[in-house]
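Read through the structure below, which is laid out as structure tokens, and then see the notes.
Read the figures in this text as sums done on the coordinates, not as results from a lab. Worth saying up front: this structure is predicted, and the values here are computed from it rather than measured. FYI the Cβ positions are ideal-geometry reconstructions off the backbone, even for glycines, and counts take in every protein chain you see.
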Amino acid sequence: MLLPVFTLKLRHKISPRMVAIGRYDGTHPCLAAATQAGKVFIHNPHTRIQHFSASRVFQSPLESDVSLLNINQAVSCLTAGVLNPELGYDALLVGTQTNLLAYDVYNNSDLFYREVADGANAIVLGTLGDISSPLAIIGGNCALQGFDHEGNDLFWTVTGDNVHSLALCDFDGDGNMRESFPFQLLVGSEDFDIRVFKEDEIVAEMTETEIITSLCPMYGSRFGYALSNGTVGVYDKTARYWRIKSKNHAMSIHAFDLNSDGVCELITGWSNGKVDARSDRTGEVIFKDNFSSAIAGVLEGDYRMDGHTQLICCAVDGEIRGYLPGTAEMRGNLMDTSVEQDLFRELSQKKQNLLLELRNYEENAKAELSSPQSEADGPRGIIPANTKLHTALSVNLGHETQAAHAELCISTSNDTIIRAVLIFAEGIFLGESHVVHPSIHNLSSSIRIPITPPKDVPVDLHLKTFVGYRSSTQFHVFELTRQLPRFSMYALTSPDPAREPLSYVNFVIAERAQRVVIWLNQNFLLPEDTNIQNAPFQVCFTSLRNGGQLYIKIKLSGEITVNTDDIDLAGDIIQSMASFFAIEDLQVEADFPVYFEELRKVLVKVDESHSVHQKLSAEMADNSNLIRSLLVRAEDARLMRDMKTMKNRYMELYDLNKDLLNGYKIRCNNHTELLGNLKAVNQAIQRAGRLRVGKPKNQVITACRDAIRSNNINTLFRIMRVGTASS
């Protein structure tokens, strides 16, 4: 239970997910939030605001306890915390699409101001790995960077796509979030993946169904997450405890112990203004409240300075509410009541189900007596006790009117028919569910369902099948789960040397060929009559998506060659093998001529974009100086009543202003193109890393970045091919 203790109404809008609390003087907690027009406001209810003379900060004309910080760019992320432990107070960190500002609010000075080419979409502050000093870690355009209090770039790595959320969590369970242990970095990105980094090594990946918009640590290895489609849930390491989906969007999530039981609940602020608290174990709502506008952020702090930590909810219209958790006595009463209510609810549900089942049996019996069915039709609503449901997965190469796809076949063991099938699966169907309901004229004892997964990930298909007879008014529901293999969209075909891809990955593993065959059977849909001989052997697959070829060759020595022009597919195969065979470190030799040539062109474009940026910046600086000169000369002419000269100067200013506007448009287009090319470069480094496992993977990513820093393109491609810069 949460008890409301204060409400504030600020006259500034708050940008969603950009609000933080910090003790910027080491004592008084202040609320900082991004607002409109590239500004950040700081609300300090405890002391009078200083009257700053600097250009960055000024007092709000609307409220005496609010000061405004000029960023002059659209703010994309914001946080607060201890960046320099020697100072003894918190710093404010503000990210934009081009820069990161670390600001000392107390002394009204910049700790550092760094340009970040990949932008800053998300930010988190804390310790990471063996780096002793706190880092401001930002996630941007497929890249992660960490800066210390002096602005030194101490951490850098790449990830699969644009970063949308970051959190630090004790993922491996070797520490306590409340103490000073090195944590793992959780990264949520646009490619629907949650990645866990231990320093610069990916130690776990979880695939979700939409963009991960928020992440928050809870306790131990447990963390909460939110997706852009309105889903929120909780993971413990790689196992998902629960999830729920709403028609509204989750704007912010936070972990807070609202019932004083020592376990944090997941607090969610929604786009419709609702705030709810859910049990970390079941997802059941145990508290809710409503605001008049969307929630901008949920956080905690001792904002009243009375020794009690409050849960603080901020709405986008500037309304702020603080809540205190219930006392231990209240918790005891609430827990007793909650247990009784849960038990009563569970028993009532069982009673309703049993009554419904009994009524169905009674109706069936009455129907049997009043209108006996023929044997051909079968008894109404009753099927033989030995009825079984069979499922099979196969590859369908398609035809003129239907594209190639994986196919799920469901059949019964007797003359009963399948009336409908409900399939629940993540990432395959729109809305995560699919219903197949044949017409009354097409009913039979078997049904074939096309399945086209967009990504190569294993998927659990949860099936609910309605089985009965043609005349049945009630049907028996069979529930079962079938896993779709990771590479189900690849059909086994005969090798064709003329179509064999030139690109390859070559490596050696200490595994018997029979174990590789087991891996093939678990990850591909092989026909039942497939007979793979002992090594050496090769298998050939054709992609059902684009017709691309995949060859996997195994030699007696344990050497494996994967031929494919798709570098992402090669990486997926290597990561799948590494997981199956428990390989900790794997170095490979790889060559993707077409992909590397495209990457070379992208790197040339990056250099061109940097040159254009420098040239445009120099021109803008020259034009700015010329504007000052023209303004002075125009005003001098006005004072001397030389109207003709004044008019000429202002005409020159008008033309110069048009040139500046055109130059700005060119700079924007150049920056957009640069971001796209930098994303392609970062993704190429990440793909080269995914071709390796363990230490070789980290070494490749680090070496690639060093090669790019030194602008040594030939070394970069050598590293991608053989994993090292040395000959």
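Quick look at the numbers
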| read-out | value |
| --- | --- |
| Cα-based convex hull volume of the range 654-709 per residue, rounded to whole Å³ | 63 |
| When each of Lys615/Lys658; Lys198/Lys237; Lys555/Lys695; Lys605/Lys665; Lys39/Lys605; Lys388/Lys464 is checked by Cα-Cα distance, pairs over 22 Å | Lys555/Lys695; Lys39/Lys605 |
| Between the range 518-539 and the range 1-49, the alpha-carbon center distance in angstrom | 61 |
| From the C-alpha gyration tensor of the range 85-216, square roots of 5λ in Å | 24, 18, 12 |
| Per-q log10 I(q)/I(0), the chain, q = 0.11, 0.12 Å⁻¹ (Debye; single scatterer per alpha-carbon; no solvent) | -1.28, -1.39 |
| Radius 13 Å from Cβ of Lys695, net charge of other residues (Lys, Arg +1; Asp, Glu -1) | -2 |
| Net charge of Cβ neighbours under 11 Å - reference Asp317; Lys, Arg +1; Asp, Glu -1 | +2 |
| Solution diffusion estimate, µm²/s, Stokes-Einstein, the range 625-695, Kirkwood Rh from C-alpha pairs, 10 °C, viscosity 1.306 mPa s | 99 |
| Kyte-Doolittle at least 0.5, axis length at least 18 Å by Cα - qualifying DSSP helices, the chain | 567-580 |
| Cα centroid separation, the range 95-166 to the range 631-664 (Å) | 42 |
| Percent RCO, i.e. relative contact order, over the chain, from Cα pairs under 8 Å lying at least 6 residues apart | 8 |
| Separation of alpha-carbon centers, the range 555-600 and the range 677-727, rounded to whole Å | 14 |
| For q = 0.14, 0.15, 0.18, 0.28 Å⁻¹, Debye-computed log10 I/I(0) when each Cα of the range 234-287 counts as one equal scatterer | -0.36, -0.41, -0.59, -1.22 |
| Cα-based Rg of the range 409-539 normalised by 2.2 N^0.38 Å, two decimals | 1.39 |
| All-pairs alpha carbon distance profile, the range 580-681, 5 Å steps from 0, percent | 2, 11, 13, 12, 10, 9, 9, 7, 6, 5, 4, 3, 3, 2, 2, 1, 1, 0 |
| Cα Rg, Dmax (largest Cα-Cα span) when computed across the range 533-583, Å | 11.7, 33 |
| The chain, helix-only ellipticity at 222 nm - DSSP H runs n ≥ 4, -39,500 (n - 2.57), divided by all residues, nearest 500 | -9000 deg cm²/dmol |
| Ordering of 542-550, 220-228, 561-569, 136-144 by burial proxy (mean other Cβ atoms within 10 Å per residue, highest first) | 136-144, 220-228, 561-569, 542-550 |
